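The next block holds one structure in the form of structure tokens; read it before the comments.
The values are calculated or read from the model by the stated rules, or taken from the named source; none is laboratory data. Keep in mind that what you see is a predicted model, and the values were worked out from it rather than measured. Glycine also receives a Cβ, built like all others from the backbone with ideal geometry; neighbour counts cover every protein chain displayed. All accessible areas refer to the heavy atoms of the entire protein, side chains included, with ligands and DNA or RNA removed. Shrake-Rupley method; radii C 1.70, N 1.55, O 1.52, S 1.80 Å.
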Amino acid sequence: MIEPPLPAPPGVPRPREAAVDARLPVSARTGRFLVLLGVFICAACGLVYELELVALGSYLIGDSVTQASVVLSVMVFAMGIGSLAAKRLRCRAAAGFGMVEAVLALVGGCSAMALYAGFVWGGEARALLVTFSLAIGILIGAEVPLLMTLIQRIRRQDAGGAVADLFAADYVGALVGGLAFPFLLLPMLGQLTGALLTGAVNAVAGGALVLWLFRHDLTRRSRRLLLLANVSVLALLAAAAVMVDDFERAARRAVYGADVRVAVQTDVQEVVLTGPPAGPLNLFLDGRLRVSGRDEHRYHEALVQPAMAGEHGRVLVLGGGDGLALREVLRHRGVRRVDVVELDPAVVELARRDPALAALNRHAFEDRRVRVVHADAFQWLRGVQDRPYDVVISDLPDPGITASTKLYSQEFFGLASQVLAPDGRLAVHAGSATSRPRTFWTVDASVRAAGLATVPYGAGGRLAGFAAGPDRGVAAAPAVRDWGFVLAGSSRPGLRLDPSYRYRSLSDGVLRAGARAVERTRVEVGPSTLVHPRF
């Protein structure tokens with residue numbers, strides 16, 4: 001850090017600021033403004049890199065809380081290392097800052113593509129996530145000492161005032177970058193192109209600041225080297241941006257196979273539908289296999305049909321945008337109305353319009369008894385009044401996914417219990433009891449804590465990695481061979497089937513065997529709440 005000027009001798013008035021010969025092409029005031037503008041832009045870019053790593057790490061690896069903690073802690077630690085390392089560059093602050101920004105633009109801009117490639121073709125993203133967090137943190141940490149030196153070159157002032165100015169510009173830039181990522185870059189450009197564009201902005205801002213404003217501080221060789229470095233970085237980022245679409249298609253084929261029929265990034269999630277024209281389809285949501293045409297009937301019959309054994313005139317389906325749970329509900333002629341609460345309109349539209357998926361759900365959304373509401377299930381339940389349902393089906397993403405934690409909390413099931421008729425029944429998909437018993441029994445404990453009596457049961461016969469929870473892709477999914485469910489009501493409901501219907505895979509004996517199987521996995525756990533999530 002630059003030391004403030006020595007005090008003036010007694011009796012001699014001390015000037016508030018002393019000029020420093022920086023040989024700038026503009027006035028000192030304008031030069032200082034341009035440096036602070038550079039701080040602002042670099043801070044915005046740095047936070048975009050950070051958020052992009054958190055988002056991509058959560059998407060590829062799962063468990064957003066863990067990934068955010070890893071990225072933030074590693075980057076803050078690395079920033080300290082970078083600040084210490086930058087002390088050696090203060091004697092050549094302009095050249096050092098220019099090179100740091102060029103490297104940061106390249107590393108940060110390409111981080112998303114490299115992380116995605118590592119996951120798709122290398123099967124590993126955690127090590128790359130830590131590596132990029134460390135590298136980007138070191139480079140960001142090196143910025144402040146060098147910028148402090150540069151701003152003092154323009155106009156010497158006390159260290160406290162210089163730090164305050166730099167940090168003010170830095171924090172405002174971080175605010176802009178933090179808001180631009182979710183509201184501008186991610187929805188308009190996506191993760192890969194957004195990161196590449198951020199790197200280009202970073203390179204232009206850092207290169208222009210040094211090569212123009214502080215060009216007299218550089219030797220001729222340094223100017224040529226920095227100019228070559230920045231042009232090379234911009235060329236590499238531009239080439240990567242041109243290849244983004246081809247890269248995404250190749251990565252998608254590597255993850256999902258060659259039969260990708262639909263791939264769209266909605267405001268909520270990535271939706272991918274695969275399968276040959278005449279073969280079974282697969283529906284992936286955010287990379288997790290959510291529906292397999294080979295065995296989905298086993299899951300949906302086991303989820304829906306035990307709850308439908310009784311009065312079922314009014315039914316509520318939470319989630320289930322693919323229409324497959326709805327199909328099972330509509331098999332009962334006694335159903336008068338079904339309300340479907342699905343967050344993502346694109347999934348419902350796909351279930352309506354895609355020929356194969358619409359055929360699989362038997363065009364359930366065309367039924368006049370069906371009403372679709374696009375809303376968050378938790379928030380929707382909070383606003384419901386005087387709507388007693390005979391059956392509530394919770395066909396929501398796996399409880400092992402961090403974003404779904406609130407949808408498996410005691411508070412959520414308490415809201416669901418309030419819309420149940422006195423003799424109503426709630427059916428909940430609770431994950432696999434054999435592969436993740438703690439998660440399964442935590443769901444059961446959360447339902448019981450909401451004041452409902454439960455009957456846990458399972459269903460086997462899984463052929464594909466359906467609803468594989470936190471597991472990404474399909475590689476690990478086939479090891480999971482069962483589904484777990486919880487049936488609940490104000491009094492303990494009977495685990496039975498309506499004898500007037502024919503089932504493809506269920507029978508009363510199968511249900512009783514499934515209940516005995518999950519009981520053998522029982523562990524004592526507490527409920528999950530909003531303030532104490534246990535998943």
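Scan segment 315-335 and report the pairs whose first residue is in contact (Cβ under 8 Å) with a residue 40 or more places away in the chain and whose second residue is among the aromatic types (F, W, Y), with Cβ atoms within less than 8 Å and a gap of 6+ or a chain change.
As it stands, the answer is V315/Y389; L316/Y389; G323/F365; L326/F365; R331/Y501; H332/Y501, since those pairs meet every condition given.
For T405, which of the numbered conditions (1) modelled with pLDDT of 95 or more; (2) over 17 Å from V315 (Cβ atoms); (3) surrounded by fewer than 22 Cβ atoms within 10 Å (Cβ to Cβ) fails to hold?
Just one mismatch for T405, condition (1).
From the list V65, V35, V54, V48, exactly one residue is at pLDDT 95 or above, in a helix (DSSP H, G or I) and out of contact with any Lys or Arg (no Cβ under 8 Å at 6 or more places or on another chain). Which is it? Don't jump to the end; show me each part of the working.
Working: V65 fails: at pLDDT 95 or above; V35 fails: at pLDDT 95 or above; V54 fails: at pLDDT 95 or above.
The unique qualifying residue is V48.
Taking the condition of being under 19 Å from the mean Cα position of the chain (by Cα) and assigned to a helix (DSSP H, G or I), how many residues in segment 111-139 meet it? I'd like the intermediate steps shown before the answer.
Let us first name the residues in segment 111-139 that are under 19 Å from the mean Cα position of the chain (by Cα), namely 111-120, 123-130, 132-133.
Now restrict to residues that are assigned to a helix (DSSP H, G or I): 111-120, 126-130, 132-133.
Total meeting the criteria: 17.
It is to be established whether one or more residues within segment 140-154 are out of contact with any helix residue (DSSP H, G or I) (no Cβ under 9 Å at 6 or more places or on another chain) and either part of a helix (DSSP H, G or I) or closer than 22 Å to V48 by Cβ (or both).
Among the residues of segment 140-154, not one is out of contact with any helix residue (DSSP H, G or I) (no Cβ under 9 Å at 6 or more places or on another chain) and either part of a helix (DSSP H, G or I) or closer than 22 Å to V48 by Cβ (or both), which makes the answer no.
Please determine whether any residue of segment 291-300 is in contact with a strand residue (DSSP E or B) (Cβ under 9 Å, 6 or more places away or on another chain) and within 18 Å of L426 (Cα to Cα).
yes
Do we find a residue being open to solvent by less than 10 Å² (accessible area, probe 1.4 Å) and within 30 Å of G257 (Cα to Cα) anywhere in segment 74-81?
Scanning segment 74-81, I find no residue that is open to solvent by less than 10 Å² (accessible area, probe 1.4 Å) and within 30 Å of G257 (Cα to Cα), so the answer is no.
Quick one: which strands (runs of 3 or more DSSP E) lie wholly within segment 274-341 and hold at least 2 residues that are at pLDDT below 95 and closer than 19 Å to A359 by Cα?
Answer list for segment 274-341: 282-285, 288-292.
Could you tell me which residue of segment 364-402 is least open to solvent (accessible area, probe 1.4 Å), considering only residues that are more than 23 Å from the chain's Cα centre (by Cα) and free of Cβ contacts under 8 Å to residues at least 12 places away in the same chain?
By that ranking, first place goes to G383.
Can you go through G177, G161 and tell me which one is assigned to a helix (DSSP H, G or I), farther than 17 Å from G206 by Cα and open to solvent by less than 30 Å² (accessible area, probe 1.4 Å)?
None of the others qualify; the one that does is G161.
Which pairs do you get when a residue that is farther than 25 Å from G96 by Cβ, found in segment 227-244, comes within reach of a residue that is part of a helix (DSSP H, G or I) and open to solvent by less than 20 Å² (accessible area, probe 1.4 Å), reach meaning Cβ atoms under 6 angstrom, with the pair 6+ apart or on two chains?
A240/L196; A241/L196; V244/L192
Looking at (1) under 29 Å from the mean Cα position of the chain (by Cα); (2) touching a residue at least 60 places away in the same chain (Cβ under 8 Å); (3) open to solvent by 10 Å² or more (accessible area, probe 1.4 Å), which is the only condition E342 fails?
Failing condition for E342: (2).
Quick one: how many residues across segment 382-395 are of a type in the set (A, V, I, L, M) and over 23 Å from G310 (Cα atoms)?
Residues in segment 382-395 being of a type in the set (A, V, I, L, M) and over 23 Å from G310 (Cα atoms): 1 in total.
If I filter segment 138-161 for residues that are out of contact with any strand residue (DSSP E or B) (no Cβ under 9 Å at 6 or more places or on another chain), in contact (Cβ under 8 Å) with a residue 60 or more places away in the chain and under 30 Å from M243 (Cα atoms), do I get at least one hit?
yes
Sort out which residues of segment 290-321 are open to solvent by 10 Å² or more (accessible area, probe 1.4 Å) and touching a helix residue (DSSP H, G or I) at 6+ places or on another chain (Cβ under 7 Å), and write them in order of number.
The one that is open to solvent by 10 Å² or more (accessible area, probe 1.4 Å) and touching a helix residue (DSSP H, G or I) at 6+ places or on another chain (Cβ under 7 Å): G293.
For segment 125-136, check the following and say yes or no: at least one residue is touching a residue at least 12 places away in the same chain (Cβ under 8 Å) and closer than 16 Å to C42 by Cα.
Yes - at least one qualifying residue is present in segment 125-136.
When residues of segment 244-273 are filtered for being within 23 Å of P182 (Cα to Cα) and not in a helix (DSSP H, G or I), how many remain?
10
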